[in-house]
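Trainee: Handing you a structure now.
What follows draws every value from the coordinates through simple rules; no lab data is involved. Model, not experiment: these values are computed from the prediction. Note: ideal-geometry Cβ built from the backbone for every residue, glycine included; neighbour counts use all protein chains shown.
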């Protein structure tokens, strides 16, 4: 139970903070005035900022996952000195392998391909690190929806703060004294 709560909090708090940070540009006076012109302009501003927040947080999370998959799953060779050294071809193609894994994570399951690069070597190396066969599993599709859902926290937070920052100020009512 505590593990689940820890996972939820570790995903929620960064997305909440990211959502607040991505709402801050609406405080720029010209943009704020533009979004205060009408209710429709305000709704469009909230929608645009929320979608941008969703895209940015989703890209950051999926890139982080790709980097972690590469970091923990790449093969090592052991030498006589009991030191572990990384295969040369993995080290030389690190960026391409991570990009391949990332593309496999970003594209929704129905439209996913087994390889996104034209380099066959990179595809084979990426398959070893993150097998493409795992991507067809229904649990992966559920995981994709979970990641998307967690990133909605960022979009909703951004939308809420944009709404808060762009609301019309009410004129202050001063209480009259009886004297």
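Trainee: What spacing in nm lies between the two simple spin-label points modelled at residue 156 and residue 92, each 7 Å away from Cα in the Cβ direction?
Mentor: 4.9 nm
Trainee: Multiply the residue separation of residue 48 and residue 34 by 0.36 nm, subtract the distance between their alpha-carbon atoms, and state the gained length in nm to one decimal. Walk me through the numbers before you get to the answer.
Mentor: Working: separation 14, 0.36 × 14 = 5.04 nm, distance 1.34 nm.
Separation in residues times 0.36 nm, less the Cα-Cα distance, equals 3.7 nm.
Trainee: Here's something else I'd like to know. Grab the beta carbon distance between residue 146 and residue 24, set R0 = 25 Å, and tell me the FRET efficiency rounded to 0.05. Don't skip to the answer; put the middle values down first.
Mentor: Working: r = 28 Å, r/R0 = 1.10.
FRET efficiency, residue 146 to residue 24: 0.35.
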